[in-house]
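One structure below.
The values are calculated or read from the model by the stated rules, or taken from the named source; none is laboratory data. Since we're looking at a predicted model, the values are computed, not measured. Glycine also receives a Cβ, built like all others from the backbone with ideal geometry; neighbour counts cover every protein chain displayed. Ligands, DNA and RNA are excluded from the accessible area calculation, which covers all protein heavy atoms including side chains. Shrake-Rupley method; radii C 1.70, N 1.55, O 1.52, S 1.80 Å.
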Amino acid sequence: TEGLTHWFADGRRWWAHVDQPIAPTTSGRTELDGALLSMIRPKGDGAGFMALAGRASRIRVLGSSSIEAALVGDGVLDAFVDAGSRTHRLVDLAAAAVIVERAGGVVLDVHGTPIAFTTEVDTRWSGVVAATPELGWAIVDEVRSALVEEGTHVVDKPAIDNHRLSSRQPPTGGA
C-alpha cells in the first residue's frame, strides 16, 4: 500500500509506502494549545470548530483535504481537522493514511469509523490528521466533548481499534 499526493499548483509531491520507513517530518507537536490547525468550514453551529479555534494559535480554512493532510506530513501544519461533520470520502484520506503515518503522524475519525479501502463511495469520515498520536487524540476528545455539550448525538466512544484510521497506536491513557 502506498500513498501519493500531488499539488499541481507548484508541482510538490508527497509519497510513502507502508513498508518503507521515512524520516519523521511532521511538526512533532503533541499539545493542542498553540497548535497551527487547518479545518473545514464549520457546519451547523460549529461547536467542534469553535472549541478547537479557542485553543489553537492559528486557524487556516482548507483548500484541499489531500493537500492539507500532506502539509501535516511535511510539518507545515500541526493538524488538519473536519470537526465532526463526516465530510471526507476515502479519496480524501487514503493517501494521508499512508503518508502521514510514515512521517510520524496519525489519521483518526471523531466518530470512530475505521478507514476501509473499498470501492464503496457513500462512506464518510470526520478526518483528523495530526502530527502525533497525542495531538490527534486531544483533537478527537475536544471535538467529541464540544459536540456532546451542544446536544449533537455522538455515537458511544468506540473501542480503540475501531476508533483509528491508521495502524499507529494511541498514546498511553488515550481515548
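In the context of the full set of protein chains, the chain has a per residue accessible area of 47 Å² (1.4 Å probe). Measuring nothing but how far apart in sequence close Cα pairs (under 8 Å, 6+ apart) lie, relative to its length, region 84-151 scores a relative contact order of 40 percent. Peptides 115-124, 38-47 ranked from most to least packed, by the mean per-residue count of other Cβ atoms within 10 Å: 38-47, 115-124.
Divided by 2.2 N^0.38 Å, where N counts the residues, the Cα radius of gyration of the chain comes to 0.93. The label-point distance for residue 76 and residue 120, in a model that sets each label 7 Å from Cα toward Cβ, rounds to 3.3 nm.
I want the antiparallel fraction of DSSP beta bridges within the chain, as a percent rounded to 5.
Working: 14 of 21 bridges.
Restricted to the chain, the bridges split so that about 65 percent are antiparallel.
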